[in-house]
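> I am attaching a structure below and will ask some questions about it afterwards.
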Amino acid sequence: MLQDLPFGRLENEFRNIHPEQNDIVVCVRENSILIKRDEHDALTLPTCAQVGEWAYANNWEHWNEESFQYVFRMQDVNYFIWMGEAGEPGDPAYAYEMARMLRQVNSKHICFAAMTAWHLFSWYRNSRFCGRCGTPTVHDGKERMMRCPHCGNMIFPRISPSVIIAVTDGDRLLLSKYANRAHTRYALLAGFTEIGETGEQTVEREVMEEVGLKVKNIRYYKSQPWGVDGNLLMGFYCDLDGSDEIDLDRDELAMADWFHRDNLPAKDDGISLTREMIRVFGEGREPK
Ligand SMILES: [Zn+2]
């Protein structure tokens, strides 16, 4: 999966530091990230020195020391985000690419860094004012938290839990396709956890809402941070309980159907929890 990195994990504890010339900077414009893609699809993010030059030469908005926000450290390199609206790069090899489309397995740690930085960028951008009293917030000196200097409100990074659901019936797996999407691929059912709900209850509710089926024996598999949507995805397998007749929610899904373990129409992409769960079922290795 995207977050399974050969060198371990990213170091996500907050540090109160300023960027050095060789640190990496993730620049965001709308939903896109500034990135260089070579002829082998290997991805590179720019350094602080490059971004500083481009910002100065091309008059990027709000360029000063405060424009850089430290986010995490990976393989002994510090990563920052550019907090203003990023402008044109001074190197034509760089271009803006949609964060959610970055799925290059051979540059997995760069894709993961970009998606995670995007998640943090969105949170910082949306946390500039206190939601309780409207005062501009300041960053806490010790941890990743925005604090209101007027009323003391503490705002922590927002992560939305949601579930990925593999509904099984013996050797059959339920696969679906989303409605209203340009590129529809086979997927597992999915949905957000509501307040006051356990992950298992989300599974039961979403399966009933989306396909009208009852399930039992709900068992947890693995989780995945999915920064482009601000999610923590929790993967569950469960068994059909009763009728297999699908009653499709056509607002959410274009189709849903049962597929045999030996004939699953989706390959593992090495990136998503959904694809790994489909492969694991195909291999008969899902938790029982
Ligand atoms: Zn306040």
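Please treat every number below as a calculation from the coordinates, not as lab data. Since we're looking at a predicted model, the values are computed, not measured. Note that each Cβ is placed from the backbone with ideal geometry, even for glycine, and that neighbours are counted across all protein chains shown.
> Please go through the range 208-236 and give me each residue that is within 20 Å of HIS109 (Cβ to Cβ), crowded, with 18+ Cβ neighbours inside 10 Å and over 9 Å from the mean Cα position of the chain (by Cα), ordered by number.
SER223
> Restricting to the range 20-77, name every residue that is part of a loop (DSSP other than H, G, I, E, B) and more than 18 Å from ILE110 (Cβ to Cβ). Lay out the reasoning, then the answer.
Our first condition is that a residue be part of a loop (DSSP other than H, G, I, E, B); within the range 20-77, this holds for 20-23, 30-31, 38-42, 45-46, 58-64, 75-76.
Hits for the range 20-77 are GLU20, GLN21, GLU30, ASN58, ASN59, TRP60, GLU61, HIS62, TRP63, ASN64.
> Among the residues of the range 141-158, what is the count of those that are exposed (fewer than 14 other Cβ atoms within 10 Å of the Cβ), under 25 Å from ILE33 (Cβ atoms) and more than 16 Å from the ligand (Cβ to nearest atom)? First the steps, then the outcome.
Keep residues of the range 141-158 that are exposed (fewer than 14 other Cβ atoms within 10 Å of the Cβ), which gives 141-143, 149-152, 154, 156, 158.
After this cut, where a residue has to be under 25 Å from ILE33 (Cβ atoms) as well, the list is 156, 158.
Okay, now just the ones that are also more than 16 Å from the ligand (Cβ to nearest atom), so 158.
Result for the range 141-158: 1.
> What are the residues in the range 249-263 that are crowded, with 16+ Cβ neighbours inside 10 Å and either touching a strand residue (DSSP E or B) at 6+ places or on another chain (Cβ under 6 Å) or under 12 Å from LEU188 (Cβ atoms) (or both), if any?
Residues satisfying the conditions are LEU253, ALA256, TRP258, PHE259.
> List every residue pair whose Cβ atoms sit under 8 Å apart, with the two residues 6 or more apart in sequence or on different chains, where the first one lies in the range 96-119 and is charged (D, E, K, R) and the second, anywhere, is part of a helix (DSSP H, G or I).
Every condition considered, the pairs that remain are ARG100/MET115; ARG100/VAL228; ARG100/ASP229; ARG103/CYS111.
> Considering only residues that are crowded, with 20+ Cβ neighbours inside 10 Å, in a loop (DSSP other than H, G, I, E, B) and more than 16 Å from the ligand (Cβ to nearest atom), which ones fall in the range 92-140?
Across the range 92-140, the qualifying residue is only LEU102.
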